[in-house]
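Right, one structure below, let's go through it.
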Amino acid sequence: MKPFHLAIPVKDLKTSIEFYSEVLGCSRGRSSKSWADFNFFGHQLVCHLSQTTNQIINNVDGKEIPVPHFGVVLSWEQFEDFSQSLSDKKINFIIEPYLRFKDKPGEQLTMFLKDPFGNAIE
């Protein structure tokens, strides 16, 4: 699998650095006065200063899923460890961690949260 590169808007670079490095545990890469990049589970995530953000809600399985959103696919153990670490940090989830498609093809654990600028993460 090849790593992806994703750039997202943030309104405050210092707050984004604190969130992605301290809350999510992403290591920092290069940065400037207007952007900072992170190792997001082996992928490159770049936070760019911007004053605009847009979001839509889509109903999926009775839950209000934010669009756009991004995330990574983790093993069950990684998901459980990561979701517990977020719970321990008192993260406000948009959608609490839960099991989706139980006993069906595609059964998965999922959760949604937002960074301090409204960017949704699955």
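Worth pointing out:
- Strands (runs of 3 or more DSSP E) wholly inside region 56-113 that include at least 3 residues being within 24 Å of residue 46 (Cβ to Cβ): 63-67
- Within region 21-53, the set of residues being in a loop (DSSP other than H, G, I, E, B), closer than 14 Å to residue 70 by Cβ and not β-branched (Val, Ile, Thr) comprises 24, 26, 41, 42.
- Given (1) in contact (Cβ under 8 Å) with a residue 40 or more places away in the chain; (2) surrounded by 12 or more Cβ atoms within 10 Å (Cβ to Cβ), index of the condition residue 111 fails: (1)
- Set 84, 44, 55, 78: member being modelled with pLDDT of 90 or more, under 17 Å from residue 8 (Cα atoms) and of a type in the set (S, T, N, Q): 44
- Against the numbered list (1) assigned to a loop (DSSP other than H, G, I, E, B); (2) touching a Ser or Thr at 6+ places or on another chain (Cβ under 8 Å); (3) open to solvent by 70 Å² or more (accessible area, probe 1.4 Å), residue 1 comes up short only at (2).
- Residue that is least open to solvent (accessible area, probe 1.4 Å) [pool: residues in region 49-99 that are under 25 Å from residue 22 (Cβ atoms) and of a type in the set (Ser, Thr, Tyr)]: 83
The values are calculated or read from the model by the stated rules, or taken from the named source; none is laboratory data. It should be emphasised that the depicted structure is a prediction, and the values quoted were computed from it without experimental measurement. Every residue, glycine as well, gets a Cβ built from its backbone with ideal geometry; the counts of neighbours run over all protein chains shown. Surface accessibility is based on the protein's heavy atoms, side chains included, excluding ligands, DNA and RNA. Shrake-Rupley method; radii C 1.70, N 1.55, O 1.52, S 1.80 Å.
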